[in-house]
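Some notes on the structure that comes next.
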Amino acid sequence: MSVAIIADWDADGTVAAAQLVYAQERLGLFPLRSKINVDLIPSGPRGFREKVYGKCWDYVTIVDIPFTVDVDLGLRSMVERGCKFNLYYFDHHDSTIKSRDIIENTYKAIVVIGSSSTSTIVKNFLEKLGVKLTPRLKQFIEAVEYIEGGSRNTYHYSEGVIKLALAISKHLNITKNLEIWGKYVRWLANPIPFDELELALGRDIPEIINESLKTSREADEELREIALNLAMSAKRVGYVRLVDARGKWSGRGASALASAIHKTLGEPVILLVNKDDGTTLVIARSSKGEASLLIDSLLEQGIVEDKGGHSNIAIARLLQEVTTKDLEIALIRASLRLKINRK
């Protein structure tokens, strides 16, 4: 029997995946009642098809990845190849929540969703199965819940763990290093206490942690400078500030860039960036839940497709035939709807 855990690169996906690795490899409780090694696969919604191409497992667990067209096509390709798998889907993104019935009916899946972080959703699910998580995992689950903006009155947060979780997330999103992601997942899943870390996984893990902290600091400094420059080109369009970074910026971490611009301007932001495949991503960033509502409006108007993200940061793909002028008109309409809804 074979098990695959396909999870997002960020801290939430990494910590959630680590819980599942602990439950399967260390305890033999889920999804199989035996201890077996799992295949660990980091992925976002875009690129999911490539990650599962030509592969087949008995159990597939998707973690913290919004259900999009690419994810659906990837799963369909497995079915069409005759791969018979049991699917578990843990997530908190709007697109997954709205597509629950489709996922369950199409793939006979167990879909576990909620409004908290995916790490917390997995924790609650595993605890109902009798899994007792380690102190390390619990600390990082709490840190992720804090980062994701969940209830901050429930836990006692460690600033050091929050800082490390943020650094891990930034480092992995920037480097997209599969080997380092896997090491982090298995380090988090290891029940040995922190002070016995080197005996457990070797001396390279502390070095990777230091590298993550350094990468995070450097990325923050670089993003602040880039965000400041791009913010100066922001155009007022209805309720939002539109920043077109196509041809001005390329690289990973577009969501972090949108957040940095939002912080600089202090207003809802729509950021346009080009991907390697030539498509344009529309990233909405806000602080009061407007981001998801704006992207929903653009979806209804036929401007974008394939939505992902959360209430304060939402991402979609700009339809190829849509011009910048079309987008601006749609944003004015979306802004009007937001204004009416707020009255």
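The numbers here are math on the coordinates, done by the rules we state, and not lab data. Because the structure is a prediction, the values reported are computed rather than measured. We place every Cβ from the backbone using ideal geometry, glycine too, and count neighbours over all the protein chains shown.
Some observations on this one:
- Using C-alpha pairs under 8 Å with a sequence gap of at least 6, the mean separation divided by the residue count of region 3-191 gives a relative contact order of 26 percent.
- Pairs beyond 19 Å (Cα-Cα), from K275/K307; K263/K288; K176/K307: K176/K307
- Across the chain, Cα pairs under 8 Å and at least six residues apart give a relative contact order of 13 percent.
- Residue order, fewest to most surrounding Cβ atoms within 10 angstrom, among R333, R224: R224, R333
- Nearby lysines by direct alpha-carbon distance to K84 (threshold 16 angstrom, same-chain neighbours under 8 apart not counted): K55, K108
- Annotation: the residues K170, K183, K163, sorted from fewest to most other C-beta atoms within 10 Å of their own C-beta, follow the order K163, K183, K170.
- On a per residue basis, the convex hull of the C-alpha atoms belonging to region 225-342 measures out at 92 Å³.
- One chain, two ends: N177 and N210. Fully extended at 0.36 nm per residue, the span grows by 10.3 nm beyond their Cα-Cα distance.
- Protection proxy ranking for 296-309, 56-69, using the average of other Cβ atoms within 10 Å per residue and placing the highest first: 56-69, 296-309.
- Estimated from helices alone, the mean residue ellipticity of the chain at 222 nm is -15500 deg cm²/dmol (sum of -39500 (n - 2.57) over DSSP H runs with n ≥ 4, per residue).
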